[in-house]
Amino acid sequence: MVKIEAVIQPSKLENAREALKAVGIDGLTVSEVRGHGRQKGHKEVYRGREYQVDLLHKLKLEMVVPSARKDEVVRALADAVRTGAIGDGKIFVCEVAEAIRIRDDSRGESAL
Amino acid sequence: MSNRVFAGLLLLSSSALAQGPPVDRAELRALQAAVAASQSAGDNAWMLVSSALVLMMTGPGLALFYCGLVRKKNVLGTMMQSFAMMALITMLWAVCGYSLVFGTGNAFIGDLRYLFLRGVGAEPNALYAPTIPHQTFMIYQLMFAIITPALIAGAFAERVRFRAMMLFSTLWAFFVYFPAAHMVWGNGGFLNAFLGGKYPVFDFAGGTVVHITSGFSALVTALYIGKRAGYPHEKIVPHNLVLSFIGACLLWVGWFGFNAGSALAASSVATSAFVATHFAAAAGAVSWMAAERIRNGKASALGAISGAVAGLATVTQGAGFVQPFSAVLIGLIAGAVCFFMVSVAKEKLRYDDSLDAFGVHGVGGLVGCLLTGVFATRAVNSALKLANGQPAALGWIDGNPVQVLHQLIGAGIGIGLAVAGTLAALRITELVTPLRMNEREEASGMDLSLHGEEGYNFEA
């Protein structure tokens, strides 16, 4: 199993969800986060004083999928949220040692 | 002041009892002046309060109501659309807006006699409001001109540039509001029932002037500018209904100034308009909640406040002309009809009137205009006199069914003017500056893209 973690533009959430649904991924956790990569932030002005805002609104999507499906899901997700402009976000993939469904204690991929 | 009146009355009665010499004419004149001054003081106090109440409807009332319904990236931009009207329209009003509405002019637009508010001072304008200073009347009417374009913004929420909105609203005031208000309320206006209009339309507080014009203009802007990115397949939900709730309640209270203030005096007609306003708001809320319960299984908070606003918009035209129970009926009809427009018809017709400016104000205003023709009665308002001095029959229930036709003509002219004027204003605005935010600006939201700030700074 792998965990796919994607940091995306907030306005692309619906696109991402539709794409994941299309490849059969039902489980998903979304959090509101702030951060930046190479894209630096923007200026905000309050009563004439300028502030540089570097930490931008993003959404973080997390899902755990069978290892065999990794490439397919990553591609679907990236295609769905890409605008081609700086600030589109990042996807990280890491190994997951175990998954447990709390309700019935099932383990591994059957818990997903 | 009342001491002087009392002393004068004492003088009158004692001289009558004594059968003495006739009352001194100068004393009598002083007495009349004292009575007039105390009535003026009472009326002026109520009208100043009403003016403040109507301003409160735009800011913060409408600003809160609307900003809670948008996504949080657009909260400030949406509030600014209301607030900016408080500033912008006031400037226009001071320069020539007031004059173009209330200067006598012709049947369709006023003249420039009050340019820069020249001659608008303490002396009452006997044509419109003989007991209050002309300036009070002027500032009261300004508050109506402010809220009307602010209402339209609900239809194009979350996607129009600030600069374009300011220019559009300026043009719209000249093309639609000033002529519409002159026709219905101005001296010699085409539709003015009381001051020599050709087709007498009863519009007590602006059902036609404010709600029909803004509502139908709203529909035109929504169709012309197009949908928000992602509408309707993406979930675009209100970010904070608590704000909308507070806004709607402020609107309800402010509406007492809007409708009861339209009596232009602290009179029994003001009381009757106040009562009708409250009853229609309550009935609108009841009826929308019931409709929602039947259709969706649950009465929602947003539904309840929307119903109240629908009732208020709908009774605006008839408040001051109708009995309390007629107002209840008007409110019940308003809640159900506006619910249908917003929840059923809008889905089918697939236009993005984002905050339902048309569904509530346009439709409510139109329904209210026609129902005023049905329910207006001289038992409430005897201002319209026959040649023999008797109060004239007003609506259908008074035995004057043709009034419904007159109301329909008034509404038709209001709608025609709103559609044509709005299209012209949009076209001209577009020639000067783009109407819509680009895709990227829309995605990051009005607050950052248009104003360079954010409503909610969690690091702060």
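Counting only the Cα atoms, the stretch B:11-154 fills a convex hull of 135 Å³ per residue. In the stretch B:436-460, which residues have a backbone nitrogen under 14 Å from the label point lying 7 Å from residue A:49's Cα in the Cα-to-Cβ direction? Output list for this probe position: B:460. Using just its DSSP H runs of length 4 or more, each adding -39500 (n - 2.57), chain B gives a mean residue ellipticity at 222 nm of -19000 deg cm²/dmol after division by all residues. Taking only the C-alpha atoms of the stretch B:335-436, the Rg (one decimal) and the largest Cα-Cα distance, Dmax (whole number), read 18.6, 58 Å. Taking only the Cα atoms of the stretch B:271-319, the ratio Rg/Rh comes out at 1.07, with Rh defined as the Kirkwood radius.
Put in line by how crowded their Cβ is, counting other Cβ atoms within 10 Å and starting with the fewest, B:111, B:24, A:105 read A:105, B:24, B:111. In this label model, residue B:408 and residue B:439 are separated by 4.8 nm, measuring between points 7 Å along each Cα→Cβ vector.
Listing A:58, A:3 from fewest to most neighbouring C-beta atoms within 10 Å gives A:3, A:58. Spin-label model, residue B:390/residue B:420: points 7 Å from Cα along the beta carbon direction are separated by 4.0 nm. Toward the positive end of the charge dipole of the stretch B:50-451, with +1 on the Cβ of Lys and Arg and -1 on the Cβ of Asp and Glu, the farthest Cα among B:96, B:129, B:148 is that of B:148.
Taking chymotrypsin sites (Phe, Trp or Tyr not before Pro) across the stretch B:178-225, the ones in a DSSP loop with at most 15 further Cβ atoms lying within 10 angstrom of their Cβ are B:194. Here residue A:72 and residue B:301 are evaluated by their C-beta separation; at R0 = 41 Å the FRET efficiency comes out at 0.45. Between residue B:126 and residue B:195, full extension at 0.36 nm per residue minus the direct alpha carbon distance yields a gain of 23.7 nm. Calculated from the alpha-carbon coordinates, the protein assembly as shown shows an Rg and a Dmax of 29.1, 116 Å respectively. Put in order of Cβ neighbour count within 10 Å, fewest first, the listed residues A:57, A:42 become A:42, A:57. Taken over chain A, the percentage of Cα pairs per 10 Å bin, counting from 0 up to the bin with the maximum distance, is 13, 40, 28, 13, 6, 1.
Counted residue by residue at 0.36 nm each, then reduced by the alpha carbon distance between them, the extension gain from residue A:103 to residue A:28 reaches 25.3 nm. The base-10 log of I(q)/I(0) for chain B, evaluated at q = 0.10, 0.11 Å⁻¹, reads -0.70, -0.84 [Debye formula, identical scatterers on Cα atoms, solvent excluded].
How long is the gain from residue B:26 to residue B:163 if the chain were fully straight, where each residue apart is worth 0.36 nm and the alpha carbon distance is subtracted? This chain segment gains 43.3 nm when fully extended.
Taken together, the values in this text are just the output of simple stated rules run on the coordinates, not laboratory data. Being a predicted model, the structure only gives us computed values, none of them experimental. Note that each Cβ is placed from the backbone with ideal geometry, even for glycine, and that neighbours are counted across all protein chains shown.
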